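Structure record follows, encoded as C-alpha cells.
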Amino acid sequence: MMVIFKIPQGIFTEIHRDISRPHEFAAERVGFIACGASMFGSDGLLLLGESYHPVADRHYIDNSHVGAMMNSDAIRSALEIAYSRNVAMFHVHRHEHFGKPGFSRVDRQESARFVPDFFNARPSMPHGVLVLSHDSMVGLCWLAREKHPIEINKFVVVGPQAPGLRAIA
C-alpha cells in the first residue's frame, strides 16, 4: 500500500514552533495532528493534516526515563477530537537532529500501546505516529486495531516555506 502524508506549510510550521518551546520538566514536547483520510487508486491512502493539537503542559508526566510522557488526559483529549470531528489522529514529536529520524524502541513500544485506542473513537479511520527531525520525518500508520503498522511512504509539505525551516528531504 502507498501511504502519502500531506500537510500545509502553515500547520507544519506551527508544529515545529510548538515543539521547540521548552517545558518545565519534559525534555521534549509532543502533540497530535488531526487528519482527513482518503483512499486513491487500488491501494493508496492519502492523509491530509488538517490541524495541530499540542499536548497541554498539565498533561505531561514527570519521567526522566523518556523525553516526554503523556497522561491519560492527553490521550482522552485527542480521542475527543477524533470522535467529534471524524478525523484520523497522528501523534507527533521531534528528534533534535538533521537528517532522517527513526523510531526509538520506546517510541515503538509506547505508540503500540496507545494508537490502537483511537480505533475506539474512529474505527474506520487510520491512526498513527510521526517523528520529525529538523528537516525530515518518518511515520507509521495503523489501518485497523489488530493490524501491524505500515510505514508512510511519502511526505509532502504544501505551500511556501517558512523562514528558519529547511525543506523536508
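One line per residue, one yes/no per condition, for (1) aliphatic (A, V, I, L, M); (2) under 16 Å from the mean Cα position of the chain (by Cα); (3) not in a loop (DSSP other than H, G, I, E, B):
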{"site": "17", "(1), (2), (3)": "no, yes, yes"}
{"site": "33", "(1), (2), (3)": "yes, yes, yes"}
{"site": "48", "(1), (2), (3)": "yes, yes, yes"}
{"site": "91", "(1), (2), (3)": "no, yes, yes"}
{"site": "99", "(1), (2), (3)": "no, no, no"}
In the range 1-23, the residues that are buried (at least 17 other Cβ atoms within 10 Å of the Cβ) and farther than 21 Å from residue 77 by Cα = 3, 5, 7, 13
Output the strands (runs of 3 or more DSSP E) that fall wholly within the range 108-162 and possess 3 or more residues being surrounded by 17 or more Cβ atoms within 10 Å (Cβ to Cβ), or say none.
-> 127-132, 137-142
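Here's the yes/no breakdown for (1) out of contact with any Ser or Thr (no Cβ under 7 Å at 6 or more places or on another chain); (2) among the small types (Gly, Ala, Ser); (3) modelled with pLDDT of 95 or more; (4) more than 14 Å from residue 126 (Cα to Cα):
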residue: 8; (1), (2), (3), (4): yes, no, yes, yes
residue: 25; (1), (2), (3), (4): yes, no, no, yes
residue: 34; (1), (2), (3), (4): no, yes, yes, no
residue: 41; (1), (2), (3), (4): yes, yes, no, yes
residue: 49; (1), (2), (3), (4): yes, yes, yes, no
residue: 66; (1), (2), (3), (4): yes, no, no, yes
residue: 84; (1), (2), (3), (4): yes, yes, yes, yes
From the list 62, 57, which one is of a type in the set (D, E, K, R), more than 12 Å from residue 30 (Cβ to Cβ) and surrounded by fewer than 14 Cβ atoms within 10 Å (Cβ to Cβ)?
-> 62
Within the bounds of the range 103-121, is there any residue that is at pLDDT 95 or above, within 18 Å of residue 13 (Cα to Cα) and touching a His at 6+ places or on another chain (Cβ under 9 Å)?
-> no
Only one residue in 37, 68, 26 is without any contact (Cβ under 8 Å) to a residue 60 or more places away in the chain, more than 12 Å from the chain's Cα centre (by Cα), crowded, with 17+ Cβ neighbours inside 10 Å and under 19 Å from residue 117 (Cβ atoms), so which one is that?
-> 68
Among the residues of the range 60-76, how many are polar (S, T, N, Q), farther than 18 Å from residue 94 by Cα and assigned to a loop (DSSP other than H, G, I, E, B)?
-> 1
Does residue 60 fit the bill of being in contact with a strand residue (DSSP E or B) (Cβ under 9 Å, 6 or more places away or on another chain), more than 11 Å from residue 32 (Cβ to Cβ) and of a type in the set (Ser, Thr, Tyr)?
-> yes
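The values are calculated or read from the model by the stated rules, or taken from the named source; none is laboratory data. Everything quoted here is computed from the prediction, not taken from an experiment. All Cβ positions, glycine included, derive from the backbone under ideal geometry; neighbour counts span all protein chains shown.
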